[in-house]
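Input: a single structure, listed below in structure tokens.
The values are calculated or read from the model by the stated rules, or taken from the named source; none is laboratory data. Every value quoted in this text rests on a predicted model; they were computed, and no experiment measured them. Virtual Cβ from ideal backbone geometry, glycine too; neighbours counted across all protein chains shown.
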Amino acid sequence: MSGADRGNSSPPGSDGGSRLGIFGTLVRIEALKTTKRLAFWVTTGIFAGFNALFVISAVRTAIRRPNITFALPDSWSRILEPPANIGPFFVGVAMILLLAPEFSWRTARQNVIDGLSKKRFYAGKIIVLAALAVLFLVIPVGVGYVATLFSPSEGGSPIIGPADFNYMIAYVLGMLLWGSGAFMLAALLRSSGAAMGILFVYLLLEQILSRLMTELSETLGPATDFLPAEVQSTLANAFLHYPQLLAQENAMRAEQGRPLLEFRDFELLAVVALAFSAAFLITAFLSMRKRDL
Amino acid sequence: MVVSGRADVYGEPMAIIETFELSKRYGTRRANSVLAVDQVSIAVEQGQVFGFLGPNGSGKTTTIGMLVGIINPTGGSFSLFGASEPRDLVAARARVGATLETPNFYPYLSGRDNLRVTAAIKGVGQPRIEECLELVGLADRAKHRFRTYSLGMKQRLALAATMLNDPELIILDEPANGLDPQGMKEIREIIRILAGRGKTIFLSSHLLWEVERTCSHVSIVRKGRIVATGTVEEVVSAGTAALLKAEDPDALEAALADYPGASSVRRLDGGVVVALDSDDLGTLNRYLAGLGIHVSHLAPYRQSLEDVFIDLTEGDFDSMTEIAS
């Protein structure tokens, strides 16, 4: 076979490939692996289905009770709140399903044998994580927007305001936090079942740990706000991003004599979420680099 | 044996694979650790068809795993195409086509899509995918999912993937596993064609007659260590053997087992083959006559690669027999 027969793309393993060329190759490889995977479509479909149910319910409410409006741009918070809570979980599951089997099928090993360095295999999966976060943001935004078209409530332009944008950033950070945690578990355990099991068990463990920390020490109590699931949960809370909603809620709570809601700064929580994500991804990378395939 | 192809600046044949005391130990605690590969030093030159032989668990796949970058060595070093630094090795591996143990592909993807993944990694275009599918006889089944393939078809797909980038070095680990005799013959033919094109082939197998027919050079590995290496002819003729026949083969075998110059004794076709430390058959004859055993046949015996292999790895098979019994 002559060189001309090989096609014109340079092997990603070679030094000759540009960064952009390598990125394009990794995107192509991961897109082929992912889009033909039934488990990926099932996960995405269930997530889209949940979103559809939430917004259909909102439209029905708007039809029955005209005082509860469902229209843009005021309803972004209602569109984003359900996915901000469940989306990160779906991204975690999808990430495990797209990474862990690469070890049990030994395709990660074969990819490296074929010329993809471990580093580039890892980079390919980071691209998958980023793509999942984008996809799982686009789905609720798209489904939500379409749903408002069927709502009787009157609205204006679907413009995304600063608070809505912050909420979206928080949602993406939550997805990255769960996705990178799932990435680490998949890379360490190399088994979908075990990784998902640990992910679920961790949720319970964090609640127990949080309670213990609060009960055992006054100084440890506030630290529970910075545990991974708690950070994601707070980031997903609409009250953190919409001061007028928080004010309404707290006014109601004041009337009822209940304690007022307080939140830490969004910026601080964002940094903590990013730090956790980075720590999880670095752990996964070190494990993949050190361990045999 | 013919060593063809490129030479380095000093006119010496270029070493495509070179290992220097390459070792791999599994486990960190010395007491519980396993030394899978123990100071293996081999050199495979351009154009060689190199057979890497050893019983199961002798360290063949681990050695290959280190060469292709999926297993981290714990000692020694190696080079591929002269490259030994991690960064250079990544580039060198782009010139290698390899398959290890069982074929590893995405079960939910078709044969063609699996090759697309490999082709993207290797930087190869669609026409070459179709060419390789034709070459291994999978063009008709290319659209079917990998999970529906028979083991023989999986092996063929692995071979197609290996050849996609027209590699200069082809590493095949048990390529005939699961193939019927016709399939094995085809694999042998493909290896011959590739060798004829000047490709360097590193073949790990336990099908010794296949290796003897196909390979120019061979290394035999036992418990992680190289116990014999050289051209097939050198390895086969390294030891002297004799075929003896007598009226009472049991007595003959027992006497030969006690002969100080015998390294191994085994029955063969009504006679007994003895591997000897020297080619002095006269002394052997006198020894037997002294025991009252008069042989009806005593002649030098040309050992096959299988004979040499079994002699060199005899202990391993004994232990397997013990386990089985």
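Of the residues that sit in region B:105-124 and are surrounded by fewer than 23 Cβ atoms within 10 Å (Cβ to Cβ) and free of Cβ contacts under 8 Å to residues at least 24 places away in the same chain, which one is nearest to B:H144 (Cα to Cα)? Per the stated criteria, the residue is B:D113. Here is the figure for region B:106-118: residues that are closer than 13 Å to A:Q110 by Cα and more than 7 Å from chain A (Cβ to nearest Cβ) total 2.
When A:A195 is tested against the conditions (1) closer than 24 Å to A:D164 by Cβ; (2) of a type in the set (A, V, I, L, M); (3) surrounded by 15 or more Cβ atoms within 10 Å (Cβ to Cβ), the lone failure is (1). In region A:58-73, the residues that are under 20 Å from A:G161 (Cα atoms) reach residues that are among the basic types (K, R) and surrounded by 13 or more Cβ atoms within 10 Å (Cβ to Cβ) with C-beta atoms within less than 9 angstrom, at least six apart or across chains, in these pairs: A:F70/A:R78. Of the residues making up region B:65-85, those that are in contact with a Phe, Trp or Tyr (Cβ under 9 Å, 6 or more places away or on another chain) and either crowded, with 24+ Cβ neighbours inside 10 Å or of a type outside the set (V, I, T) (or both) are B:M66, B:L67, B:G76, B:S77, B:F78, B:S79, B:S84. Screening B:E101 against (1) over 18 Å from A:I113 (Cα atoms); (2) surrounded by fewer than 19 Cβ atoms within 10 Å (Cβ to Cβ); (3) at pLDDT below 95 leaves a single unmet condition, (1).
Select from region A:80-133 the residues that are within 14 Å of another protein chain (Cβ to nearest Cβ) and acidic (D, E) and list them in ascending order. Once the filter is applied, which keeps residues that are within 14 Å of another protein chain (Cβ to nearest Cβ) and acidic (D, E), region A:80-133 yields A:E102, A:D114.
Checking B:F81, B:F105 one by one, the residue that is among the hydrophobic types (A, V, I, L, M, F, W, C) and touching a strand residue (DSSP E or B) at 6+ places or on another chain (Cβ under 7 Å) is B:F81 and no other. If the condition is being in contact with a helix residue (DSSP H, G or I) (Cβ under 6 Å, 6 or more places away or on another chain), closer than 16 Å to B:I191 by Cβ and within 14 Å of chain A (Cβ to nearest Cβ), then region B:119-162 contributes B:C132, B:A160, B:A161. Taking the criterion of being outside any helix (DSSP H, G or I) and buried (at least 24 other Cβ atoms within 10 Å of the Cβ), the residues of region A:79-132 that qualify are A:D114, A:G115, A:L116.
State the number of residues belonging to region B:188-200 that are farther than 19 Å from B:T118 by Cβ and crowded, with 22+ Cβ neighbours inside 10 Å. Steps first, answer last, please.
Filtering region B:188-200 for residues farther than 19 Å from B:T118 by Cβ gives B:188-189, B:191-193, B:195-198, B:200.
So of that shortlist, the ones also crowded, with 22+ Cβ neighbours inside 10 Å come out as B:191, B:200.
Here the count works out to 2.
If you go through region B:227-245 and keep only what is modelled with pLDDT of 90 or more and buried (at least 21 other Cβ atoms within 10 Å of the Cβ), you end up with just B:L244.
Say whether the condition of being part of a loop (DSSP other than H, G, I, E, B) and either within 22 Å of the chain's Cα centre (by Cα) or farther than 30 Å from A:A284 by Cα (or both) is met by at least one residue in region A:38-58. Within region A:38-58, none of the residues are part of a loop (DSSP other than H, G, I, E, B) and either within 22 Å of the chain's Cα centre (by Cα) or farther than 30 Å from A:A284 by Cα (or both). Residue under question is A:F183, and the condition is that it be surrounded by 24 or more Cβ atoms within 10 Å (Cβ to Cβ), assigned to a helix (DSSP H, G or I) and in contact with a Lys or Arg (Cβ under 8 Å, 6 or more places away or on another chain); does it hold? The answer is yes for A:F183.
Collect the residues in region A:78-127 that are of a type in the set (S, T, N, Q) and within 20 Å of A:W178 (Cα to Cα), keeping them in residue-number order.
We begin by selecting, within region A:78-127, every residue of a type in the set (S, T, N, Q); these are A:85, A:104, A:107, A:110-111, A:117.
Within region A:78-127, A:N85 is the sole residue that qualifies.
Among the candidates A:P12, A:P73, the residue that is more than 7 Å from chain B (Cβ to nearest Cβ) and either buried (at least 16 other Cβ atoms within 10 Å of the Cβ) or modelled with pLDDT under 95 (or both) is uniquely A:P73.
Screening the candidates A:N67, A:N51 for the property of being surrounded by 17 or more Cβ atoms within 10 Å (Cβ to Cβ) and either at pLDDT 90 or above or away from chain B (no Cβ under 14 Å) (or both) yields one hit, A:N51. Counting only helices (runs of 4 or more DSSP H) that fall entirely inside region B:201-316 and contain at least 2 residues that are touching a residue at least 12 places away in the same chain (Cβ under 8 Å), in the same structural domain as B:N56 (by TED's automatic domain parsing) and not hydrophobic (A, V, I, L, M, F, W, C), the qualifying elements are B:208-214.
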